[in-house]
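Engineer: Please see the structure below; I have some questions.
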Protein chains: 2
Amino acid sequence: MAPKLSSSLLLFLYLLFLLTPCYMTHRHPLDPLSPSEISTVRRIVKASPRLLSSSSLSFQYVGLDEPDKPDVLSWLSNTAARPLPPRRALVIARIDNETHEISVDITNHAVASDAVYRGLGYPLLNLEEQFAASALPMNYTPFIESVAKRGVDMKDVVCTTFSVGWFGEEKQGRRLLKILCFLAGETVNFYMRPLEGITIVVDLDVMEIVEYEDRVQVPVPKAKGTDYRAAKQRPPFGPRTKPGLVLQPEGSGIDVDGHMIRWANWAFHLSFDMRAGAVISLASVYDAVRRTRRRVLYRGFVSELFVPYMDPSEEWYYKTFFDEGEFGLGLFASPLEPMTDCPANAVFLNGYYTTQDGKPAKIERVFCIFERYAGDPSWRHTETGIVGELITEVRPDVSLVVRMVSTVGNYDYVLDWEFKTSGSIKFVVSPTGILEVKGSPYTHTNQIVSDQHGTLIAENTIGVYHDHFVTCYLDLDIDGTENSFVKSRLKTVRLTDGSSPRKSYWTIVKETAKTESDARVELGSEPAELLVVNPNKKTRLGNEVGYRIISHGAPAASLLSDDDYPQIRASYTKKQVWVTAYNKSEKWAAGLYTDQSRGDDSLATWSERNRRIENADIVLWYTAGFHHIPYQEDFPLMPTLSSGFELRPSNFFESNQLIKTLPNKHVNLPNCTNS
Amino acid sequence: MAPKLSSSLLLFLYLLFLLTPCYMTHRHPLDPLSPSEISTVRRIVKASPRLLSSSSLSFQYVGLDEPDKPDVLSWLSNTAARPLPPRRALVIARIDNETHEISVDITNHAVASDAVYRGLGYPLLNLEEQFAASALPMNYTPFIESVAKRGVDMKDVVCTTFSVGWFGEEKQGRRLLKILCFLAGETVNFYMRPLEGITIVVDLDVMEIVEYEDRVQVPVPKAKGTDYRAAKQRPPFGPRTKPGLVLQPEGSGIDVDGHMIRWANWAFHLSFDMRAGAVISLASVYDAVRRTRRRVLYRGFVSELFVPYMDPSEEWYYKTFFDEGEFGLGLFASPLEPMTDCPANAVFLNGYYTTQDGKPAKIERVFCIFERYAGDPSWRHTETGIVGELITEVRPDVSLVVRMVSTVGNYDYVLDWEFKTSGSIKFVVSPTGILEVKGSPYTHTNQIVSDQHGTLIAENTIGVYHDHFVTCYLDLDIDGTENSFVKSRLKTVRLTDGSSPRKSYWTIVKETAKTESDARVELGSEPAELLVVNPNKKTRLGNEVGYRIISHGAPAASLLSDDDYPQIRASYTKKQVWVTAYNKSEKWAAGLYTDQSRGDDSLATWSERNRRIENADIVLWYTAGFHHIPYQEDFPLMPTLSSGFELRPSNFFESNQLIKTLPNKHVNLPNCTNS
């Protein structure tokens, strides 16, 4: 029986509901800043006495200043009773040409701290300053003359921004960007039509062109064949396939509750960060046997994306981009297109970043989440050994994919976190989009006599050799916070004593890394399995519970020389796997201030401290790499390539979780009519 | 207007149709033997004068004796005008304890040749002799006593067959098998319950137990927790997911025409062989720009599957199986289960093998073919650089999968060939099914003091370390028969002349393999791309047309010592990639007669001839390997693991084929009711 409520009480409750900030409903300490929180942060920063006297303020990064891990775990241990940790924002801003790190206490509406950063490197670039810098050449007389000299139309020119890197300059100079310009005109694929030979340098703090050079003139590749829009295609058309849709007769199994996602045996928190993009937190898997949720991944996200090009010439040498630390994977996230970027059964979530002026800006459909039915079995067996019986038992594989696409200029990176009912977590990065090409006088390989640092992929178009190194931060907390990193090395044993008709076999030798120097791994250098285990938790049989990391795709390590400047900045790319002691501030593999960084704050330098990592809170870093030699098939836009890894439970469960999964009752093909 | 036909003419035509053997309708020189052809072969062999005097005849292998490649290509060049090459069968039979290679001319109903094979090794084992051998212990008194001694019930005992290998015996002895027995009882998963310690050797030609030893007694692991059948599961159940179905509102794009499969831009021939399983032939891709089909793969199939175990003890040392050459991937193919092994939109094909008696036997649903809609984009780009426009162009990926599952005893291998509209061909092997385990006295790791050669995955159950090496035969004919193998090695170039602010970059150095010794590659030993090119065919820009091979999954090479007997038999597993000169007889990486082979006929020995392979008809061999360290999650049945490769067009097309693919018109979610 419902209690009787007076209408005035109802009105009061209704008003209370309206007045309660919406973030109170789905509240989690790791939730990203809501639009209203971003606005609050802006108001607090702008109202601070120190700011009132400043002449310029530019927000470069605003994000959640996450509570300390013990506070989050303590809150989690009793979410009903414990108060939420205070909400704080980290603001990185340029104020009067200085970099400020401001901690804003949102809960108490106050600036908690404001420190000027005087170290090396600069913060994330914001979108507005890049737009402004790209526009400068349009009214810059020497550039207008260069364009005229090339006989092309100024109205077709499109300029974009490129970070300048660091090449041994001793003094930290100005906050600079290079501008490269291209020709659109009859195509939207201007990246295929560089105005080669022109160097434009902009000082961002004064927003002026400070260097200009028009060194060489190179033919601009033609527009024909470069446009990728469907409407621009003419016969002969490419291969056709029939459309397909995933239908879920019993509905979706995805539960989106604020930023918490629950699906099958998984639960995790998904948030958006303007630098990292998707951040997975507190991923835990339900263990039906122990009747409990077990922790797997405290936090996982892409930490850096290093893309060095291999052309040492004047206009190309500096192209050694840190797409995340300089440009922001979140800031450049593309709204996902329903039915093509993600299947029909996907759900979409929005994300919010902060503009240069500190205001919240929405990216619609920044994530999609869908159940993948790829048509593969998750396990199977046919048994013919039992007389009179033919036993076939199969379970189809269904997994949950969390997808984001970051389009950092020309390249699109499809970034997937995939959760499997077996307990595995997969990460897959699939570059697609447009190559960065160099204008060239050549139209046929027989004209080429010297190294062009790339492949002739179209007339006057060199697809320049480059790498992509995608580094993931994986704060694994396998069944608890204290973990160890174990290398199971496969060693051949020779048999010479005649004890067996065999002369050899292999066995495993387990080595637990004591300190960080034990845990720098070049994949493929020796046969080994790499595990993160909890040495304090054992299975019924006495095996340490753990997860192992399995590479999908051939490993790639940087081939640059150790003393080359971009390599000094990305020295961690010589090894694919590192393990460090957890330190809340160590999140960005190439440092917090990546623009013009010098490698002093990076994964490799943290590892040099050689901290103890045995039975400790540790972070695993994994770099999925591609050495990218372009081919003509990458013109005018490349099909996806993929690489990644799987974190697979390894003596984590007592047995295969999926055997006890009942089959779905037979689902018939439904009768359908198109709506 | 239809011509007038008299009713008697119609009757005549109808009878002609009925009387024409069905194989005349869908005829291709590479079609597998039809059931009626198998019966014909049996009649011809049984009627041959030589056979009439023999006392025993056992068919071990019967398959198409494929026409010579020039004859097939010549037929293909004008299928309407040219007659089919004569149909021949290769029969390998045991006749009076000798191995015969018989060539049967089906077209002319005659034995073309019959030669006794006196070399090393024995043919494929047939199913019936394995069933007979497995039954022998049931009436063998010493074995009955061994079972009684273990206190278990004879009615629960299940025995299966194991090949014996070769361990340095000088004289070629008898055709032997080992029998291992297990306990079923309350489980169908008898593989988890070995009767450890008993060795039984059967002489197949006399079908008698010729050696018996009961060396040690080890507890038989319990049945509880081993059964994988849905009906046997009790709460707590495993993770549940919602069912999903792929719906194709415009129908399927797959055209099955006899054994020819056409889909999107691909056409290929698919046949079934009792040894190899699925054989892909004459795969060609339509080039819309050149308006022609272009040849890619003359023939591709799994050539061998080597699975050595790493326990040198008396009962385990010999477990070094060649699952294909000894047992037959086709012979052990499992009928695929609709809706679980393959999705709802799959089509299924049957296969036929030959029994010991020479009769045709059907394997229903031995292949499935389906269009995969995994939810991923095949390419995409979002462009924000054009003022006033937000351009997003995405095409969803749809591919065609040809699947077979071979269940060689305990293990199930899901074997997929995947064709992509981009022009790529992928091969993926996914082991699942049941581990081969060793009975053990141990129930907890703290009891273990010495190397057990495996992981304690359940009480009294050691999952023994082993490898899986799946070797593919890839007779690539890129745009024609004459091809070359090119290694594009990535080399770091040091810059010391101050010509650039950079100090290094990488470039590629192309090396064309002259002879077979130049083309033995250990993957991962250096950064390189591996290509098969046609040096006689260039793109418009002058690049050699080609395909490159991209590994999916970490490469694995055998770790056995070179002088170990199983390694001598599988010496090719030390390198993952080999290229040989095409030779029609060189199909099986571990030799045609793999049972008890000694390595004298194998990929590595052929390669030692060091034939010229530049601008020649060449075959690429690729081994996908797994070093398998079992974990508790593999008990009682393992979730799939995957490895494989992609053959990706690389300067084969003038540009990305998929840009000119028009998007499917927007397909709405249909209105459905469950039938």
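Engineer: What is the projected area of the convex hull of the Cα atoms of the protein assembly as shown, averaged over all directions, in nm²?
Structural biologist: Projected area, direction-averaged: 59.2 nm².
Engineer: Strictly over 23 Å apart at the Cα level, which of A:LYS660/B:LYS242; A:LYS155/A:LYS222; B:LYS426/B:LYS665 would you flag in this model?
Structural biologist: B:LYS426/B:LYS665
Engineer: Can I ask one more? Taking amide H atoms as placed 1.01 Å from N in the peptide plane, list the residues 5 or more away in sequence, or in a different chain, whose amide H sits under 5 Å from that of B:ARG193.
Structural biologist: B:LEU183
Engineer: Per residue, how much accessible surface does the protein assembly as shown expose to a 1.4 Å probe? Answer in Å², no decimals.
Structural biologist: Result: 36 Å² per residue.
Engineer: Please list, in order along the range B:162-167, the HN-Hα scalar couplings obtained from phi with the Karplus expression 6.51 cos²θ - 1.76 cosθ + 1.60 (θ = phi - 60°), rounded to whole Hz, x for Gly and Pro.
Structural biologist: With the stated coefficients, the range B:162-167 comes to 9, 6, 8, x, 9, 10 Hz.
Engineer: What lysines does A:LYS491 reach when the alpha-carbon gap must be under 17 Å and sequence neighbours fewer than 8 apart in one chain are set aside?
Structural biologist: Of all the lysines, those that pass the test against A:LYS491 - Cα under 17 Å, at least 8 places apart if same chain - are A:LYS503, A:LYS510, B:LYS574.
Engineer: Within the range B:127-230, what whole-number % of the accessible surface is contributed by carbon and sulfur, with the 1.4 Å probe and all protein chains included in the calculation?
Structural biologist: Using a 1.4 Å probe with all protein chains present, the range B:127-230 comes out at 52 percent carbon and sulfur.
Engineer: Determine ³J(HN,Hα), in whole Hz, for all residues of the range A:527-533 in sequence, where each value follows from phi through the Karplus function 6.51 cos²θ - 1.76 cosθ + 1.60 and θ = phi - 60°; x replaces Gly and Pro.
Structural biologist: x, 7, 9, 10, 10, 10, 10
Engineer: Something else about it: Quick query: amide H of B:TYR228 versus all other amide H atoms, modeled in the peptide plane; which residues come in under 5 Å with a sequence gap of 5 or more or a different chain?
Structural biologist: For B:TYR228, whose amide H was placed from the backbone, the distant partners under 5 Å are B:VAL188, B:ASN189.
Engineer: Now a separate question. Please state the equivalent ellipsoid semi-axes for the range A:127-230: what are the square roots of 5 times the Cα gyration tensor eigenvalues, largest first, in whole Å?
Structural biologist: 25, 15, 13
Engineer: Still on this structure, I have one more. With the convex hull built on the Cα atoms of the range A:35-116, state its orientation-averaged projected area in nm².
Structural biologist: Convex hull of Cα atoms, orientation-averaged projection: 5.8 nm².
Engineer: Enter the Cα centre distance for the pair the range A:486-558 and the range B:568-600, rounded to the nearest angstrom.
Structural biologist: Each part reduced to its Cα centre gives a spacing of 30 Å.
Engineer: Once chain A is represented by equal point scatterers at the alpha-carbon sites, with solvent omitted, what log10 I(q)/I(0) does the Debye formula produce at q = 0.06 Å⁻¹?
Structural biologist: Summing over Cα pairs of chain A leads to -0.39.
Engineer: Ignoring ligands, DNA and RNA and using a 1.4 Å probe, state the total buried accessible area between A and B in Å², rounded to the nearest 100.
Structural biologist: Interface between A and B: roughly 15800 Å².
Engineer: Also, I was wondering about something else. How much of the accessible area of the range B:454-571, in percent, comes from carbon and sulfur atoms when a 1.4 Å probe is used?
Structural biologist: The nonpolar share, carbon plus sulfur, comes to 45 percent.
Engineer: Would you mind checking which residues have amide H under 5 Å from A:ARG293's amide H? H placed 1.01 Å from N; only 5 or more apart, or other chain.
Structural biologist: Distant-sequence amide H within range of A:ARG293: A:ASP287.
Engineer: Are there residues in the range A:296-331 whose accessible area shrinks by at least 20 Å² when all protein chains are included rather than the chain by itself, and which are they (probe 1.4 Å, ligands and nucleic acids not counted)?
Structural biologist: A:MET310, A:PRO312, A:TYR317
Engineer: Counting only protein heavy atoms, probe 1.4 Å: which residues of the range B:471-515 lose 20 Å² or more of accessible surface in the full assembly compared with their chain by itself?
Structural biologist: Buried by the other chains: B:LEU490, B:THR492, B:ARG494, B:SER500, B:PRO501, B:ARG502, B:LYS503, B:SER504, B:TYR505, B:TRP506, B:THR507, B:ILE508.
Engineer: Percent of accessible area on the range B:31-79 owned by carbon and sulfur, 1.4 Å probe?
Structural biologist: 53
Engineer: Still on this model: When the Karplus curve 6.51 cos²θ - 1.76 cosθ + 1.60 is applied with θ = phi - 60°, which whole-Hz ³J(HN,Hα) does each residue of the range A:475-485 get, with x for Gly and Pro?
Structural biologist: Residue by residue, the range A:475-485 yields 7, 6, 10, 6, 6, x, 7, 7, 10, 10, 9 Hz.
The values are calculated or read from the model by the stated rules, or taken from the named source; none is laboratory data. Please read all numbers here as calculations on a predicted model, not as lab measurements. With ligands, DNA and RNA removed, areas are computed over all heavy atoms of the protein, side chains included. Shrake-Rupley method; radii C 1.70, N 1.55, O 1.52, S 1.80 Å.
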